[in-house]
Amino acid sequence: MDLPNLSHLTNDPIYYLPYWPPMPNKFPSDIPKFEGKLGEGLSNHVMTYHLWCASNSIIDDSIHLCLFQRTLIGLVAKWYIELPRGSFYNFSQLATSFLTHF
């Protein structure tokens, strides 16, 4: 059986800095999702994501950046996976790219 090449799924467009805190091991399961369907608002998703992070005491920008990928599904997740390695240093850069692309 031939398996597809999944190496591109391990691409990480985040440029990690050594002083960033480690990612928490557990997150609430109610993280907002974005699929890019008609009627889903980009700005609304980013705002909802920020509010979700704040309500779950996730305040560090580096964690916002790393966690955002978990909100993306479908073709939007494909867009994220295909971004160039090390593209983003902070959440603002990622959010701007996200809002501009879609």
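Treating r as the C-beta distance of Ser57 and Tyr89 and R0 as 22 Å, the FRET efficiency rounds to 0.45. A straight chain from Asn25 to Leu42 at 0.36 nm per residue would run longer than the Cα-Cα distance by 3.4 nm.
Taking 7 Å steps out from each Cα toward its Cβ at Ser97 and Ile73 produces label points 2.3 nm apart. When His64, His50, His101 are compared by accessible area of protein heavy atoms, the largest-first order is His101, His50, His64, using a 1.4 Å probe. Along the stretch 44-51 the Karplus relation, 6.51 cos²θ - 1.76 cosθ + 1.60 evaluated at θ = phi - 60°, assigns HN-Hα couplings of 4, 5, 4, 5, 4, 4, 4, 5 Hz to successive residues, with x for each Gly and Pro. Taking θ as phi - 60°, what are the ³J(HN,Hα) couplings along the stretch 30-35 by the Karplus curve (6.51, -1.76, 1.60), each to the nearest whole Hz, with x for Gly and Pro? Values, residue by residue: 8, 4, x, 10, 9, 10 Hz.
Projected over all directions and averaged, the alpha-carbon convex hull of the chain occupies 7.9 nm².
Close amide-amide hydrogen proximity is noted between Phe34 and Leu72, Ile73, each under 5 Å apart and 5 or more residues distant or on a separate chain (H modeled in the peptide plane; Pro and chain starts excluded). For the chain, the solvent-accessible area with a 1.4 angstrom probe is 66 square angstrom per residue. For the stretch 10-95, the Cβ-based charge dipole about the Cα centre amounts to some 140 debye (Lys, Arg positive; Asp, Glu negative; other atoms uncharged).
The values are calculated or read from the model by the stated rules, or taken from the named source; none is laboratory data. Quick caveat, the model's predicted, so the values are computed rather than measured. Here Cβ is always computed from backbone atoms with ideal geometry, including for glycine, and neighbour counts include all displayed protein chains. We work out accessible area using only protein heavy atoms, side chains counted, and drop any ligands, DNA or RNA first. Shrake-Rupley method; radii C 1.70, N 1.55, O 1.52, S 1.80 Å.
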